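Since the structure comes first, as structure tokens, the remarks are kept for the end.
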Amino acid sequence: MKTTLFFYSGTGNALWTAEKIAVRLESADIDALARRREKVVRPPSPGVGLIFPVHIWGVPPPVLNFIDRLEVAPDQYLFAVAVHAGQVAATLVRLQKHLRARGLFLSSGFSLNLPSNYIPWGGADPPDAQQRKFAAALGKIEAVAGAVRRRECLPVEKGPFWQNGILSLFYRLTLPRVAKMDKSFFADAACSSCGICEKICPARNVRMIDGRPVWQRRCEQCFACLQWCPEEAIQYGRGTRGRKRYHHPEITLARMLAWAPSGKGGGRAGEKA
């Protein structure tokens, strides 16, 4: 079954997941949903996958916006993978409801635990801890790919009851404020004016003005700008200086930039950019 995998990624976890799923399917293409600007997106493949990170225990707004423009026929198999750092909560339940409101059916929804990139709560995990998560994730990816190949319809995965209630409430209350949460970003004296932060932002939220990054109040809290800064010059508030940065170790900056809104795309599944 031909499958198109649409991913949204700031620091490479979702892109890595999409690539690993793609090579395990019989035939798959990968596309960055942040690059799709048309009013209506009609995937031609019989299978369609949405792969994205959990942001503030919910679905990132760019993914919801993409769904609002997505048209999937009743005979197309639609599945999702929510990448998180330990708490998927009711993310896939909310995704399922949003799709249902558009008349779309989510055949299955999977959660995948990978290292956190939310640096305000701490720096990157030690490499050995990261590798344990990657190894466990590969086992889960095998199961996901098998279910997709068989077109299985499965209940969406979700967290325990307390997560689904409390964290979902936090998501609903915080979501309207996310776009302006970039007011805590700044570039310190180590900034070399390389412009990577502007190029890599999937939300097109960073502009270089007089050689310095300026955030445009449409942030999605993916932390791509901070995590990929080669000088570690971008900070978020007072607590991130000196904290170890994280982006997926198998995903290169060149690959991320190829899939960025201003890039040229990353090629077909299995190709290296």
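Would you check if Arg243 is out of contact with any helix residue (DSSP H, G or I) (no Cβ under 8 Å at 6 or more places or on another chain) and over 16 Å from Ile196 (Cβ atoms)? No. Given the condition assigned to a helix (DSSP H, G or I) and in the same structural domain as Ala80 (by TED's automatic domain parsing), answer yes or no: does some residue in the range 155-162 qualify? Yes, the range 155-162 has at least one match.
Residues of the range 167-212 being touching a Phe, Trp or Tyr at 6+ places or on another chain (Cβ under 7 Å) and either outside any helix (DSSP H, G or I) or among the small types (Gly, Ala, Ser) (or both), which ones? Matches in the range 167-212: Ser168, Ser184, Phe185, Pro202, Asn205, Val206.
What residue, of Arg69, Arg42, Arg36, is under 16 Å from the mean Cα position of the chain (by Cα), basic (Lys, Arg) and not assigned by TED's automatic domain parsing to the domain that holds His248? Going through Arg69, Arg42, Arg36 in turn, the sole match is Arg36. Cys229 meets each of the listed conditions (1) surrounded by fewer than 16 Cβ atoms within 10 Å (Cβ to Cβ); (2) modelled with pLDDT of 95 or more; (3) under 26 Å from Ile51 (Cβ atoms) apart from (1). If I ask for residues that are among the hydrophobic types (A, V, I, L, M, F, W, C) and either without any contact (Cβ under 8 Å) to a residue 12 or more places away in the chain or part of a loop (DSSP other than H, G, I, E, B) (or both), which ones from the range 213-238 would you list? Hits for the range 213-238 are Val214, Cys219, Cys222, Phe223, Cys229, Ala233.
From the list Pro160, Pro176, the lone residue that is exposed (fewer than 13 other Cβ atoms within 10 Å of the Cβ), within 21 Å of the chain's Cα centre (by Cα) and modelled with pLDDT under 95 is Pro176. If the condition is being of a type in the set (D, E, K, R) and within 26 Å of Pro261 (Cα to Cα), then the range 155-201 contributes Arg177, Lys180, Asp182, Lys183, Asp188, Glu198, Lys199.
Filtering the range 96-110 for residues that are part of a loop (DSSP other than H, G, I, E, B) and touching a residue at least 40 places away in the same chain (Cβ under 8 Å) leaves a non-empty set.
Filtering the range 86-95 down to residues that are part of a loop (DSSP other than H, G, I, E, B) and of a type outside the set (A, V, I, L, M, F, W, C), which residue is surrounded by the most Cβ atoms within 10 Å (Cβ to Cβ)? If we take residues in the range 86-95 being part of a loop (DSSP other than H, G, I, E, B) and of a type outside the set (A, V, I, L, M, F, W, C), then Gln87 is surrounded by the most Cβ atoms within 10 Å (Cβ to Cβ). Out of Phe79, Phe134, one residue alone is outside any helix (DSSP H, G or I), surrounded by 13 or more Cβ atoms within 10 Å (Cβ to Cβ) and not β-branched (Val, Ile, Thr). It is Phe79. Could we say that Pro202 is in contact with a helix residue (DSSP H, G or I) (Cβ under 8 Å, 6 or more places away or on another chain) and either in the same structural domain as Glu231 (by TED's automatic domain parsing) or of a type outside the set (Val, Ile, Thr) (or both) here? For Pro202, the condition - in contact with a helix residue (DSSP H, G or I) (Cβ under 8 Å, 6 or more places away or on another chain) and either in the same structural domain as Glu231 (by TED's automatic domain parsing) or of a type outside the set (Val, Ile, Thr) (or both) - is met.
The values are calculated or read from the model by the stated rules, or taken from the named source; none is laboratory data. On a predicted model such as this, the values are computed, not experimentally measured, just so you know. Glycine gets a Cβ as well: all are built from the backbone with ideal geometry, and neighbour counts include every protein chain shown.
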